[in-house]
Amino acid sequence: PSAADAGPRTVLFLGRLEHQKGVDTLLDAWAEVAPRLPGTTLAIGGDGPQARALRTKAADHGLADRVQFLGAVPNPEDHLRRASAFVLPSRYEGLPNALLEAMATGLPCVATTIGGTLDVATDEQDAILVPPDDAAALGKALYSVLTDEDLARRLGVAARHRVVAEFSFDTM
């Protein structure tokens, strides 16, 4: 069976709900992806100044039943373990801890081609990287990791290996 037939799947975002994080673009992308993947959910963990506007945007896109707003997530481990993929659509970042945590968990990750992300992930090797504010590219990348099991597995294994090799406590 293909990953598209694998049953309920969850894409996870963790971060502060503010303009920098690009969750508005993520919701635009999800509006294109969700109808093609019934039963798949976007889980948004975090709180911040854009929380209300993002909930409204999700509802306006008709995604109220396909997007979960988790609120603040002090211990993300359980959410990372249950997720099928991780997404970080930021417009700018320093060292993206949420991305490192997701990679360490072995999740296939989709992120943007911005400073801090390029320091920890390489496109098509251990993540799929797309330009910031490009909802079409973000949607295409999310669809790929959710429907191509081999790609998702390869990215997840490579991501975990890279974090252990380059960003573990002992290495740092």
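Just to be sure I understand, how many residues within the range 11-50 are open to solvent by 60 Å² or more (accessible area, probe 1.4 Å) and either over 23 Å from Thr113 (Cβ atoms) or out of contact with any helix residue (DSSP H, G or I) (no Cβ under 9 Å at 6 or more places or on another chain) (or both)? Write out each step before concluding.
Residues of the range 11-50 that are open to solvent by 60 Å² or more (accessible area, probe 1.4 Å), as a first pass: 16, 19, 32, 35-36, 38, 47, 49.
With the extra rule that they be either over 23 Å from Thr113 (Cβ atoms) or out of contact with any helix residue (DSSP H, G or I) (no Cβ under 9 Å at 6 or more places or on another chain) (or both), the set shrinks to 16, 19, 35-36, 38, 47, 49.
Count: 7.
Name, by its number, the condition in (1) open to solvent by less than 10 Å² (accessible area, probe 1.4 Å); (2) in contact with a strand residue (DSSP E or B) (Cβ under 7 Å, 6 or more places away or on another chain); (3) in contact (Cβ under 8 Å) with a residue 60 or more places away in the chain that does not hold for Ala159.
(3)
For the range 78-172, give me every one of the helices (runs of 4 or more DSSP H) that falls completely inside it and has 3 or more residues that are of a type outside the set (A, V, I, L, M) and over 21 Å from Gly15 (Cβ atoms). Break it down stepwise before answering.
Values: elements: 97-105, 115-120, 135-147, 149-167.
Those helices (runs of 4 or more DSSP H) span 135-147, 149-167.
So Leu70 clears everything in (1) part of a helix (DSSP H, G or I); (2) more than 26 Å from Gly115 (Cα to Cα) except one condition, right? Which one?
Condition (1) is where Leu70 drops out.
So, in the range 4-62, how many residues would count as being more than 22 Å from Asp134 (Cβ to Cβ), part of a helix (DSSP H, G or I) and touching a residue at least 24 places away in the same chain (Cβ under 8 Å)?
2
Residue by residue through the range 120-172, note down the ones that are among the basic types (Lys, Arg) and under 13 Å from the mean Cα position of the chain (by Cα). Can you show your working first?
Pass one, the range 120-172, residues among the basic types (Lys, Arg): 140, 153-154, 160, 162.
Within the range 120-172, Lys140 is the sole residue that qualifies.
Among the candidates Ala3, Ala85, Ala53, single out the residue that is open to solvent by less than 50 Å² (accessible area, probe 1.4 Å) and modelled with pLDDT of 95 or more.
Numbers: Ala3 fails: modelled with pLDDT of 95 or more; Ala53 fails: open to solvent by less than 50 Å² (accessible area, probe 1.4 Å).
The conditions single out Ala85.
Out of curiosity, is Ser90 open to solvent by less than 80 Å² (accessible area, probe 1.4 Å) and under 20 Å from His19 (Cβ atoms)? First the steps, then the outcome.
Details: open to solvent by less than 80 Å² (accessible area, probe 1.4 Å): yes; under 20 Å from His19 (Cβ atoms): yes.
Considered against the rule, which asks whether it is open to solvent by less than 80 Å² (accessible area, probe 1.4 Å) and under 20 Å from His19 (Cβ atoms), Ser90 comes out as yes.
I'd like the full set of residues that are closer than 19 Å to Ala29 by Cα and of a type in the set (Asp, Glu), limited to the range 124-172.
So the first thing to find is which residues in the range 124-172 are closer than 19 Å to Ala29 by Cα, and the list is 127-148, 152.
Matches in the range 124-172: Asp133, Asp134, Asp148.
The values are calculated or read from the model by the stated rules, or taken from the named source; none is laboratory data. Since we're looking at a predicted model, the values are computed, not measured. When we count neighbours, we look across all protein chains shown, and the Cβ atoms used for this are built from the backbone with ideal geometry, even at glycine. Just so you know, the surface numbers come from the protein's heavy atoms only, side chains and all, with ligands and any DNA or RNA stripped out. Shrake-Rupley method; radii C 1.70, N 1.55, O 1.52, S 1.80 Å.
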